[in-house]
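Structure first, then comments.
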Amino acid sequence: MDFTDTQEEAAFRAEAAAWLKDNVPSQDELQGMNELEIAKMWQQRKYDAGWACIRWDKAFGGRNASAIEQVIWNQEESKYDVPGGFFVIGQGMAAPTLMTWGRPEHHERYLPKLASGEEIWCQLFSEPAGGSDLAALRTKAERDGDHWIVNGQKIWTSGAHYSDFGIVVVRTDPNVPKHKGLSYFFLDMKSPGVEIKPIRQLTGGANFNEVYFTDVRIPDSQRLGEVGQGWQVALTTLMNERAAIGGGGGGVNVDTAYRIASEVMIDDKPAIEDGAVRAKLANWYVQESGLRFTGYRSMTAMSRGEIPGPENSIGKLVGAPKNQEMASFCMDLLEMSGAIWDEKLSKEAGLLQLSYMGSPGLRIAGGTDEIMANIIAERVLGMPQEPRMDKGIPFTEVPTGNN
Amino acid sequence: MNFEFAEEQELLREQARGFLSENCPGSAVRAVLDGEADYDAELWRKVAEMGWTATVIPEEFGGLGLSYLELVVIAEELGRSVAPIPFSSSVYLATEALLANGTLAQKEKWLPLLASGEAIGTFALAEGNGRPSVSSLSTRMTDDGLTGRKIPVPDGRAANFAIVVGATDSGDGASLYLVELDQEGVSQEVVRTLDFSRGHSVMVFNGAKAELLGGDGAGWSAMTALLDRAAVLFAWEQVGLADAALEQARDYAMGRYAFGRAIASYQAIKHKLAAMYVKNTLARSNCYYGAWALDSGSAELPLAAATARVGAIQASVFAAEENIQTHGGMGFTWEFDCQFYYRRAKLLSVGIGSEGYWQDRLVTAYEQTNVA
Ligand SMILES: Cc1cc2nc3c(=O)[nH]c(=O)nc-3n(C[C@H](O)[C@H](O)[C@H](O)COP(=O)(O)OP(=O)(O)OC[C@H]3O[C@@H](n4cnc5c(N)ncnc54)[C@H](O)[C@@H]3O)c2cc1C
């Protein structure tokens, strides 16, 4: 056990830090660019210098870096306020699925452009009838020669409106038990018959969408895994999703809360002198640091070749509610003014309100709190599933509700 | 960077777990709980024979000169088995106090005896209800010797000597004293605590012979530093205990049926156990950090120790409480071992300062590390 860098790691860190120092764009450089443009520019810059997706093979734009080097790079990059969210689904979820289930020609064609940020991918999994219960999805695909014809509807598809490709799970056989009738594809989001409609979120923004498929043709060469093996392939994506999302990132952390508690007063004394405030900050610090080191421990395990396991569900399960509680608590510290959400008037330029409004989404996206707890109980602790009404019968006979 | 124990340490863990499952089964804990003895003397002798009491003591003083990474492995296993021995008092507190503050003569006298387990040491700080502070100390050195009253003192009657925190007029207001307990000026009586698988006493000094350990008036800061170190070791015991409680809850839930199925298949039980797992895992990861900081002598120790300690208190108390809940009525019986975890978790949690003390210490250390 050693929490400090070895000589090589220190050299790697210095190299990364030096590159970042010289290459993170200045505010001037970013004048007039929107977030997506900034993110693409930053990703391309990293790619050109060999700092994108560093764990990937050199042939696909990476640098064959180790898991620990990835930790170091993340630590150094996170010292700067640079965007990355647009690429999480493509690089963190679609790419590992392509690596596991795709063919060499898929790798050559898609991975470099994923790494460079030139092409953005989205995840077309959830449907009105299948969220937590993903395998209840109904979008169907029928074979037509060397193509599949897809009809149905996806929902909550983050970033569909700016994505070039999507990974999609569809039903290819409704007459077998539900997990056995699924297949997994990727498709060009510009394919004829794909219609994208934004959904307004409670934050007011519209980052997720409904996506309708009307006779969309997907070449069979874009299938990953066998016909009927879609559930297994989807699990590869979901496993990586948990590792990729981690603690949910960003938002309110102990540093923010400490700053606020030092600045606002309770009974004419800085709030941070109050014992109850200190206790809460300590608890959150324990969670934050526990998540960080749990992440590092699983990185060490991965560097021995282990794949990210169900224990990665912890990140989101702890991180998302923590974000919500901290935002809520910090607003409480502001008392009546906590309600003000205005970049010019609010403390931290409205970060608290933004985090608070966004955190219900964090607790749902990528598997709800409840589903994460189920995964830990069943897959880590080995406890049995609850009795199910959908096992061993054809999908068409599974009971459904009216919501 | 490397966030794992080395292979030798994993081997030590295996060996320790095997040894304790043989020599410290539930019946051994129960024997002390039900009996008159303050601790399991036979187990203590065997543990000393294994060299565990000698782990971090340098070879020149009769120790093994191993690292704290070995000691935390042992601590975790002792916590897991709720061992009824004065290990924490003697090893995490008395030995550490001597290592950090002892003169050469004091070390030469005591460390070999501590290493071999022939001597048992303890640490006497508390003087009754409330959080100790310099101004609350009434124990002090007088012309006639040390006078005062300490309560509760863990393992006091098992110990040969105590490190006593007393008031003084110089320096930071406190000094550490080394007091041999087999003398006229010291008397002890049993104090019942909620975990009587570990003996406690009220210790009265009435003109006791005592020698300074460290400088006069340097005691409060020496004690704070000592508690930081002990916090990491206590935290590892607590994490071991928390995992054992979780495993017991899981095993019971798998085998107990209600309404035609295992209670382990009910989501209320599953989510409860998942919550235990999450707390245990985060606490353990923080304990890694604490172990590293302790072993490497890092300046981050105060923050790392408090973080490990707060997480471990919360995880262990939660696991011990919810383990009983998972057992239903069975969990509330004397006969079932759930009580061991429940008692010990709470004892360890107040033992070297409560959750509140360590939360405050954490934020103070955070301020010193990040805000200065
Ligand atoms: C911001 C955001 C972004 C998203 N982005 C994407 C995306 O890019 N691609 C994509 O495919 N999907 C995306 N999703 C969808 C997301 O994966 C689903 O919303 C989520 O899996 C929950 O499904 P649901 O909405 O159908 O809720 P439901 O499954 O109907 O759940 C409703 C409630 O029931 C609970 N519940 C359900 N089953 C169980 C059970 N077995 N045990 C206990 N409780 C249960 C849930 O925990 C929840 O509290 C996104 C969602 C959000 C909020």
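Step through the residues of segment B:84-95 one at a time and calculate ³J(HN,Hα) from phi using the Karplus curve (6.51 cos²θ - 1.76 cosθ + 1.60, θ = phi - 60°), rounding each to whole Hz and writing x for Gly and Pro.
x, 9, x, 5, 5, 5, 7, 8, 6, 10, 5, 4
Neighbouring Cβ atoms within 10 Å as the yardstick, rank B:ASP155, B:ASP143, B:ASP295 fewest first. It would help to have the intermediate numbers written out before the result.
Working: B:ASP155 25, B:ASP143 5, B:ASP295 20.
The most exposed by this proxy come first: B:ASP143, B:ASP295, B:ASP155.
May I ask you to work out the translational diffusion coefficient for chain A at 25 °C, viscosity 0.890 mPa s, via Stokes-Einstein with Rh from the Kirkwood sum over Cα pairs, reported in whole µm²/s? Don't skip to the end; give the middle numbers.
Numbers: Rh = 23.0 Å.
The diffusion coefficient I find is 107 µm²/s.
Output the relative contact order of segment A:239-292, whole-number percent, from Cα pairs under 8 angstrom with separation of 6+ residues.
Contact order relative to length: 30 percent.
Compute the FRET efficiency between A:GLN44 and B:ALA100 as 1/(1 + (r/R0)^6), taking r as their Cβ-Cβ distance and R0 = 45 Å, and round to the nearest 0.05.
On the way: r = 55 Å, r/R0 = 1.22.
According to the calculation, E is roughly 0.25.
Given chain B, what whole percent of its Cα pairs are spread farther than 37 Å? Mind dumping the intermediate values first?
Numbers: 12092 of 69006 pairs.
Roughly 18 percent, once rounded to a whole number.
Which ³J(HN,Hα) values in Hz, rounded to whole numbers, follow from the phi angles of segment A:303-317 under the Karplus curve 6.51 cos²θ - 1.76 cosθ + 1.60, where θ = phi - 60° and Gly and Pro get x?
So the Karplus estimates, Gly and Pro as x, are 5, 8, x, 6, 8, x, x, x, 5, 5, 5, 4, x, 6, 5 Hz.
When only DSSP loop residues count, what GluC sites (Glu not before Pro) in segment B:184-273 have their Cβ near at most 13 other Cβ atoms within 10 Å? The partial results should precede the final answer.
Values: sites: B:GLU184, B:GLU189, B:GLU211, B:GLU237, B:GLU247; in loops: B:GLU184.
Qualifying residues, ordered by number: B:GLU184.
Pull out the extension gain between B:GLU10 and B:GLU367, defined as 0.36 nm times the separation in residues minus the alpha carbon to alpha carbon distance; nm, one decimal. Numbers along the way, then the final one.
On the way: separation 357, 0.36 × 357 = 128.52 nm, distance 3.53 nm.
This chain segment gains 125.0 nm when fully extended.
If I model a spin label as a point 7 Å beyond the Cα along the Cα-Cβ vector, how far apart are those points for A:SER262 and B:THR224 in nm?
1.9 nm
Normalising by the residue count of chain A, find the relative contact order in percent from Cα pairs under 8 Å and 6+ residues apart.
Details: 630 pairs, mean separation 53.0, N = 403.
In percent, rounded to a whole number, it is 13.
Between the helical axis of B:355-366 and the dominant principal axis of chain B, each derived from Cα atoms, what acute angle in degrees is found, rounded to the nearest 10?
70 degrees
Using the number of other C-beta atoms within 10 angstrom as an exposure proxy, rank A:THR203, B:THR168 with the fewest first. List each step's numbers first, then the result.
Working: A:THR203 14, B:THR168 21.
Ranked by crowding around the Cβ, least crowded first: A:THR203, B:THR168.
Output ³J(HN,Hα) for segment A:273-288: one whole-Hz value per residue in order, computed from phi by the Karplus curve 6.51 cos²θ - 1.76 cosθ + 1.60 with θ = phi - 60°, and x for Gly and Pro.
7, 7, x, 5, 5, 4, 4, 5, 4, 4, 4, 5, 4, 4, 5, 4
Quick one: if the Förster radius is 41 Å, what FRET efficiency do A:GLN7 and A:LYS197 give, using the C-beta to C-beta distance and rounding to 0.05? Before the final figure, lay out the partial values.
Working: r = 55 Å, r/R0 = 1.33.
Given R0 = 41 Å and the Cβ-Cβ separation, E is 0.15.
Taking the number of other C-beta atoms within 10 Å as the exposure measure, put A:TYR47, A:TYR184 in order starting with the fewest.
Working: A:TYR47 20, A:TYR184 26.
With the sparsest Cβ surroundings first, the list reads A:TYR47, A:TYR184.
At what distance in nm do the modelled label points of B:SER135 and A:MET389 sit from each other, each positioned 7 Å from its Cα along Cα→Cβ?
6.6 nm
In the structure shown, do any of A:LYS58/A:LYS190; A:LYS58/A:LYS113; A:LYS154/A:LYS190; A:LYS154/A:LYS178 have a Cα-Cα gap over 19 Å, and if so which?
A:LYS58/A:LYS190
What is segment A:186-322 by shape, rounded, prolate or oblate, if you read a ≥ b ≥ c off the alpha carbon gyration tensor as root eigenvalues and call it rounded for a/c under 1.5, prolate for a/b larger than b/c, and oblate otherwise?
Details: a/c = 4.63, a/b = 1.78, b/c = 2.61.
Cα axes put segment A:186-322 in the oblate bin.
Against the longest principal axis of chain B, how steep is helix B:68-80, in degrees 0 to 90 to the nearest 10, with axes from Cα atoms?
Between helix and principal axis, roughly 60 degrees.
Go through segment A:39-104 and name the trypsin sites (Lys or Arg not before Pro) that are in a DSSP coil and have 14 or fewer other Cβ atoms within 10 Å of their Cβ.
Details: sites: A:LYS40, A:ARG45, A:LYS46, A:ARG55, A:LYS58, A:ARG63, A:LYS79; in loops: A:ARG55, A:ARG63, A:LYS79.
Those satisfying the criteria are A:LYS79.
Roughly how many Å is it from the Cα centre of segment B:65-103 to that of segment A:12-80, as a whole number?
The distance from the Cα centre of segment B:65-103 to that of segment A:12-80 comes to 45 Å.
Compute the acute angle (0 to 90°) between the alpha-carbon long axis of helix A:104-116 and the principal axis of greatest extent of the alpha-carbon atoms of chain A; round to the nearest 10°.
With rounding to tens, the tilt is 30 degrees.
Among the chymotrypsin sites (Phe, Trp or Tyr not before Pro) in segment A:323-392, which ones are in a DSSP loop with at most 16 other Cβ atoms within 10 Å of the Cβ? Mind listing them?
Qualifying residues, ordered by number: A:TRP341.
For B:LYS109, give me every one of the aspartates and glutamates with a C-alpha distance below 20 angstrom, ignoring sequence neighbours fewer than eight places off in its own chain.
Within the straight-line cut-off, B:LYS109 pairs with B:GLU49, B:GLU59, B:GLU60, B:GLU96, B:GLU118, B:GLU180, B:ASP182, B:GLU211.
With a point put 7 Å past each Cα toward its Cβ, work out how far B:PHE332 is from B:SER116 in nm, to one decimal.
Here the modelled spin labels are 5.1 nm apart.
Any read-out appearing in this document is the output of simple, stated calculations on the displayed coordinates, not a laboratory observation. Remember, it's a predicted structure, so these values are computed and weren't measured experimentally. FYI the Cβ positions are ideal-geometry reconstructions off the backbone, even for glycines, and counts take in every protein chain you see.
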